[in-house]
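Here is the structure we will look at.
The numbers here are math on the coordinates, done by the rules we state, and not lab data. Model, not experiment: these values are computed from the prediction. Cβ atoms come from the backbone with ideal geometry, glycine included; neighbour counts cover every protein chain shown.
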Amino acid sequence: MTDSAPLPTPDRAKPTPAWVWWLAAALILAQAVLSWTATLSKSMTVDEIAHLTGGVALWHGDQRLVPENGNLPQRIGTLPAVLMGARLPAPDDPTQTAADVWRIGNKAWFYTPGQDHWPMLSAGRAAMTVFLMGVGAMVFWWARRWWGDLAGLVALGVAVLSPTALAHGALITSDMAAALLLPLSAGLFWWHLHRDAWWSLALASLAVGLACVAKFSAVLLVPTFLLLDVLWLWRGRKTSLPKSLVALARDHAVIILAVMALIWSFHGWRYQPIPPGSGLPNRYYQPWDVALPESHATRSALLEACRDWKIFPEAYTYGAAYMTFASDMRLAFFNGQLGTTGWRMFFPTAFAIKTPLALLALAALGAGAIIAGWKRQSSRAKAGLYRAAPLLIWTAIYCAVVINSHLNLGQRHLLPIYPGLFILCGAVVLLESRWCLWLVGGLLAALTFASFQIRPHYLAYFNELVGGPQNGYKHLVDSSLDWGQDLPGLADWLRDNNPDHEPVYLSYFGVSNPAYHGVQARQICSLSFVVRSAPWENLRGGYYAFGASMLQLHCYGHWDAHREYKYRILRRRVQKLLATPPTTRDEQTKLSDLLMQTDKERMSRLCQILRESEPVAMVGYSILIYHLTDEEARQADFPGIATQAAPDTTIAP
């Protein structure tokens, strides 16, 4: 434990009145209710099936399925399902043999007799709001400590109204747990450096340990703590340098031991990923040599050493390896482009267009108030920069890493910097001009309007910079917009708008069962791990419901004249073979392969056509609905053979 003076805090003439605490508690509870009730009309999202399945497996001792996801949030989100008696496929089931969490989850939640996934999913989502409420409490406490009670309430109010926080606060994923535990760890460590108490070290150690079993990005706490050490040694220590260094070494040793203890305890103090006598196969979805590629020799060697020396449970080491491997390359969409290695402007743009403008303006005013206070030597702003060191350093390191990341899947990866943004908004109470206070009131009203206007489609929020959520699919998809959450809304729309029961074709970027939610449709090129095989058929006129992610991510590259010509040849071969069904096994295999290839090309061609037209409706802004006549569908599916085509000329199908 260190020997230093406490952090300077703002002067308060009187203690916090009871009504402030009651109001803060009410706001924190309201945030959880707003987030959870919004999910009652949303189907299971893509990542939730993995967390839900992996969490149930963890409670039964099986650590193989998704060790790259956070152990802690998986356990919290699935505790209600376990208490309700959730069942997974038997150990000898083919899905278990392959350790395929997607197919295990699909079979468990949608094809297990007598098991209804919805009550378990809804209860798990309610349990996950504990992290959201923790973020609200942290934001209130931090802003209140710095600038007083009103600042705490303003910061908390902004957090309560944030569409980003409300979108992810009740989902069974690790994102909100990271948003709470990562900045909290930095803050508690900084707080401990200015205390000389065992309990402050215990709190910091607990927070860091929980962060390490919540998200592997907790590794970024290492450079954060090192920079905080340097700053404390320079500005904060009150003893000699040797004594301070010894104290720091002792504190870091305690934190490391606490982290190791928590990691092993969450894995049952067992190295092997499966419990003895379980009958489960001792394998992961991908073998070790895939998770430890030779192309990253240094990283692979470090992780191999952790495995060989059994420093961590095997599943934890494998999870870290697989997470880094999967982050190297991933298909993503950004402003009309497809890529696999990311864009430096992806996250800055996502932050700019998915954060309400009123919230950004409040943060800017808060920053301006702090700067103005510095110039006036205000007692409430004077020591702000030093007190804010953990948030500033954490945010700088995290943003630097995220911006250079190849994993450009969604704005949710920015969640750990949002608590700092909310706290910054609380600094608007430092403003002294009357017109500034009126401006703050107007911005809070605008934020309230924006938040309730998008409800319950928080995930699909986009601000006015891109024309609102109706234009979001042109810029970002995946977990920034379409995560497979709007099947219930699609069922309602079809019931109200398809009285003649025209054919419905669904290209769904999700993991839920459309039939469970009342969507009767033929799925075309949906996510392969949940779609049951369907016989080939020619497209007909009717409604085409395309998830924004399928429309943008799965158009399979650029469409040009050469590709158009090849597609027409493929399509002609399919028609010819279907007219004379194959009789031998080899012929059937060839036809199956040809149909798979043609279906992929047809999907790409259809996406090109639909992207050039306006949808007749949107469901939750994530599912775009188009209507094609029989002739339009035939032309999209089976055009005539092109006799002339310029391979170097792009054409519209």
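Rounded to two decimals, the Cα-based Rg/Rh of the stretch 436-548, with Kirkwood Rh, is 1.10. Remark: C-alpha extents of the stretch 486-637 on the principal axes read 44, 33, 29 Å, sorted largest to smallest.
Measuring between alpha carbons in the structure, the pairs from Lys215/Lys243; Lys107/Lys600; Lys474/Lys590; Lys474/Lys566; Lys215/Lys600; Lys354/Lys600 lying more than 30 angstrom apart are Lys215/Lys243; Lys474/Lys590; Lys215/Lys600; Lys354/Lys600.
Assuming R0 = 56 Å, what is the FRET efficiency of Gln453 and Asp586, from their Cβ-Cβ distance, to the nearest 0.05? So the FRET efficiency works out to roughly 0.40.
Packing-based ranking of 477-485, 135-143, 215-223, 335-343 yields 477-485, 135-143, 215-223, 335-343, ordered from highest to lowest mean Cβ neighbour count within 10 Å. Shape summary: the stretch 64-113 maps onto an equivalent ellipsoid whose semi-axes, from the alpha-carbon gyration tensor, are 18, 15, 8 Å in decreasing order. Over the C-alpha trace of the chain, radius of gyration and Dmax come out as 27.0, 90 angstrom. Given R0 = 41 Å, the distance between the Cβ atoms of Ala18 and Met329 translates into a calculated FRET efficiency of 0.15. Extending 7 Å from Cα along the Cβ direction at Ala617 and again at Ser240 yields two label points whose distance is 7.9 nm.
Sorting Val20, Val619, Val519, Val158 from the fewest to the most surrounding beta carbons within 10 angstrom yields Val20, Val619, Val519, Val158.
Secondary structure note: in the stretch 486-637, about 60% of the DSSP beta bridges are antiparallel. Other residues whose C-beta falls under 15 angstrom from the C-beta of Ala315 contribute a net charge of +3, scoring Lys and Arg +1 and Asp and Glu -1. From most to least packed by mean Cβ count within 10 Å, the peptides 350-359, 582-591, 307-316 give 350-359, 307-316, 582-591. Classify the stretch 71-216 as rounded, prolate or oblate, taking a ≥ b ≥ c as the square roots of the eigenvalues of its Cα gyration tensor: rounded when a/c is under 1.5, otherwise prolate if a/b is larger than b/c and oblate if not. Prolate is the answer for the stretch 71-216, as a/c is 1.5 or above and a/b outweighs b/c.
Among 161-172, 88-99, 399-410, 360-371, sorting by the average number of other beta carbon atoms lying within 10 angstrom of each residue, highest first, gives 161-172, 360-371, 399-410, 88-99. Summarising the strand pairing of the chain, around 70 percent of its internal DSSP beta bridges are antiparallel. Entry note, the chain: the mean residue ellipticity at 222 nm calculated from DSSP H runs of n ≥ 4, each adding -39500 (n - 2.57), is -18000 deg cm²/dmol after division by the residues and rounding to the nearest 500.
Working note: Cα atoms of the stretch 557-622, range along each principal axis, descending, whole Å: 47, 29, 19. Fully extending the segment from Arg495 to Glu537 would add 12.7 nm, taking 0.36 nm per residue of separation and subtracting the current Cα-Cα distance. How large is log10 I(q)/I(0) at q = 0.24 Å⁻¹ when the Debye formula is applied to the Cα atoms of the stretch 589-642, each weighted equally and without solvent? Scattering profile of the stretch 589-642, log10 relative to I(0): -1.01.
Shape analysis of the stretch 390-474 based on the Cα gyration tensor places the equivalent ellipsoid semi-axes at 26, 22, 10 Å, largest first.
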